[in-house]
1. Extension gain ALA231-HIS66, at 0.36 nm per residue separation less the Cα-Cα distance, in nm?
2. For a protection proxy built on the mean count of beta-carbon atoms within 10 angstrom, sort 225-235, 150-160 highest first, please.
3. Describe numerically, in nm with one decimal, the distance between label points set 7 Å from Cα along Cα→Cβ at ASP174 and at GLU102.
4. Any idea of the accessible area per residue across the stretch 45-177, 1.4 Å probe, to the nearest Å²?
5. I'd like to know which of GLN152, ALA188, ALA162 lies farthest towards the positive end of the charge dipole of the stretch 76-195, counting +1 on Cβ of Lys and Arg and -1 on Cβ of Asp and Glu.
6. Probe radius 1.4 Å, ligands and nucleic acids left out: which of TRP107, TRP145 has the largest accessible area, and how do the rest follow?
7. Tell me the label-point distance for the pair ARG136, ARG212, using the 7 Å Cα-to-Cβ offset, in nm and rounded to one decimal.
8. With charges set only on the Cβ (+1 for Lys and Arg, -1 for Asp and Glu), what does the dipole of the stretch 189-245 come to about its Cα centre, in debye to the nearest 20?
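The values are calculated or read from the model by the stated rules, or taken from the named source; none is laboratory data. Fair warning: this is a prediction, and the values are worked out from it, not measured in the lab. Counting neighbours? That spans all protein chains shown, and the Cβs are built from the backbone with ideal geometry, glycine included. For accessibility, only protein heavy atoms count, side chains too; no ligands or nucleic acids. Shrake-Rupley method; radii C 1.70, N 1.55, O 1.52, S 1.80 Å.
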Amino acid sequence: MLPQRSRDELAGEAALQRANGGFTMRHLACRTLLAAGLLGTAPAQADSTPAAALAQSAVTAYEAGHLDEAARLFDRAARAGNRLAQFNLAMMLFRKETVAPEPDAAWRWLRRAAGAGLAQAQYNFALLYDRGSGVRTSLPTAAEWYRRAAEQGHTEAQVSLATMYYVGHGMPRDAAAAARWYLAAARAGHAGAQYIVASMYETGDGVSADLRQAEHWYAQAALQGDIAAQAKYEALQARPGDAAP
């Protein structure tokens, strides 16, 4: 089952709500994906204006609760090559908000959006193969699509890929590679990654031990409300080596 919301979706919606005067999208990831396209975080090929207009009309219909009309418009835009429409049509199909014309229609549209370079689609496509949701589990396939999304800055993909490396999930354990991807997510503000990076610096797992760096990242996670990180930060601050002479 694909997640209804992700950290990236929420952040993207908040940014677009400010930019677009409060327009809200409650179920689909349309606004997040439109933000990604406008900000240039995905490959440069632009959707054609007619297809983009169809996709926007589909969003309006979806917001009004006209799911059949939204699905019809997303389908038209998707067939015209609009990757945002491809992704949102796939999500409607996965959620059974519209009837699938073929059994694998949701997979096919998600695959097309992922192949077109949409990071959120790549992440969701990886989840299918990581969890075996409607497909045969394939950890190498999951890792490849997590990597593609991670390279575009998708923080949840970065964390997922880092975790595969860290625990040896479908690949040999590689703490150094895990540290690189956790650090990328930590720098993007992912609190869980910040805590893990801090722990890795504290123990020297995958990185050179550095208690100052450990303090820094525990502090960053603590600022986001991580109580365990706050306790770890305070413990490091109180260590004898930091006592005043």
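1. Going from the current span to full extension adds 54.4 nm.
2. Order by mean packing, descending: 150-160, 225-235.
3. So the label points at ASP174 and GLU102 sit 3.5 nm apart.
4. Ligands and nucleic acids excluded, the figure is 44 Å² per residue.
5. Working it through, the farthest residue towards the positive pole turns out to be GLN152.
6. Ranked from most to least accessible, the order is TRP107, TRP145.
7. Those two pseudo-labels are separated by 5.2 nm.
8. 40
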